[in-house]
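The values are calculated or read from the model by the stated rules, or taken from the named source; none is laboratory data. Note that the structure is predicted; figures quoted are calculated from it, not measured. Methodologically, a virtual Cβ is constructed for each residue, glycine included, from the backbone with ideal geometry; neighbour enumeration extends over all protein chains shown. In case anyone asks, the SASA skips ligands and DNA or RNA and just uses the protein heavy atoms, side chains included. Shrake-Rupley method; radii C 1.70, N 1.55, O 1.52, S 1.80 Å.
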Amino acid sequence: MLTKQHRFAAQILHPREKQVYKTHMCGLCHALGDRYGLLSRLLTNHEMILLSMLTNAQSDEDFSVVMRRCPLNPARHVQTNQNEASTFAAAAAVELARASVLDDVQDSRGWDISAQVIRLLMGKAHQTAIRTLEKLGFDSATFARLVEHQTQAEDLPEADPAAPTAITSASLFAMTARLAKRQDNAAPLAAIGASYGAYLYLMDAYRDYPDDITRGQFNPLRQYTEFTPTGFELTHDGLYWLLTRFETIHAEIQTHWQQVEVVRYRASLENLLLKPIAAVIEELRGRLTRPLQFRRWSMADVLKAAFFIFPVAAAGILTTNMGDFEPVIDGVRKGRKGAQEGSSLCGAYPCYLDPSLVECCDAEDTCDMVECAENTPCDCTPGCDTDNCSTDDSMACLGCLEGDNCDIGGCDCNT
């Protein structure tokens, strides 16, 4: 339940603000468990916590804090808010999760069996959530329209695929004003919600980009993709388009937030709304200097990755099957061509999990499971070519014998 957004929220909030966030997180968790069952607690997420906080922030009435036993640690009691804010956020969480499952079913044309099973299991929770939303005065058909309009938007080249999510988010944000009896806030909050919903959609598209392209699923960034002999890349134009969208979203939220009247949590909510967007803007600006490159894994890549992730076992396998390599000592491989201090495998497979042992990416770049920085401190052994790796590339050969081929990767030695 503790997602990246939860951890990010903990980093940007002051200690007192963290407790407020935690109170609404625990309140949402208990509202889900009380109304929709134990497993529904897994739907506790950052966006619904934000909705709950936003509702209480506008209310003139102080909400009561209720001490409840934590389901993750029954020996511990936690502070929770148990009011319309948590009730609304919990119902919205159930319906958004169901909409996501229905979208998966449609994308797979009914072949996603797991999504079909989840849809059936959520039937009772769905009915309860619909009744709750209607009792609160929210148009429950909003979520059904989300799935329908999303499919249409993805089928039409001229449509904005982020629009359905933006419209749904606008309705949810505006509803917080009505629950708090702050009708004047409804219009600016709807505008904030629309921008925030577009941010969520585009952020998912950005993070899911390599998986979507590989699996052939829809992604708005596909039009900015260039395929290479070894993989594909998100071009400069695609990164710039995404950066421009996020900059516009950030500016719009910042402008409309000044028009919202709140009783409490102003600084906390402003940070929660704006700082995540500012962080991705900064990340994209740093990436504009080069395309975002991805490469398909080959069997050689898998073997190389295994060599670093499981050094002892992999060393034994390589010694038996691929040549007389010495084992890894203190995280540095000693090959027959001499010690290669600090060399690493980069760009084609995951970087070594402990960067203190093998450096793959520079300090200003993030190295993850899909791509590495192009200008990383990884050296190619002169005269050796591994999977299109030359002496100017950011990958390292694993060692060569004079007069024969490289032991790993089909790399030719010119020594």
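Take the Cβ atoms of residue 155 and residue 120, set R0 to 30 Å, and the FRET efficiency comes out at 0.70.
Using only the Cα atoms of segment 33-85, build the gyration tensor, take square roots of its eigenvalues as a ≥ b ≥ c, and label the shape rounded, prolate or oblate: rounded if a/c is under 1.5, else prolate if a/b is larger than b/c, else oblate. All intermediate terms of the calculation are to be shown ahead of the outcome.
Values: a/c = 2.27, a/b = 1.42, b/c = 1.60.
Oblate, because a/c is 1.5 or more while a/b does not exceed b/c.
When peptides 232-241, 215-224 are ranked by their average number of other Cβ atoms within 10 Å per residue, the highest-first order is 232-241, 215-224.
Mind giving me the FRET efficiency for residue 135 and residue 70? R0 is 30 Å, r the Cβ-Cβ distance, nearest 0.05 is fine.
Numbers: r = 28 Å, r/R0 = 0.94.
In this case the efficiency is close to 0.60.
Our coupling estimate for segment 42-48, obtained by passing each phi through the Karplus curve with A = 6.51, B = -1.76, C = 1.60 and θ = phi - 60°, is 5, 7, 4, 9, 4, 5, 6 Hz, Gly and Pro reported as x.
Using the alpha carbons alone, the radius of gyration of segment 1-89 stands to its Kirkwood radius in an Rg to Rh ratio of 0.93. For segment 208-304, the fraction of 1.4 Å probe accessible surface lying on carbon and sulfur atoms is 51 percent.
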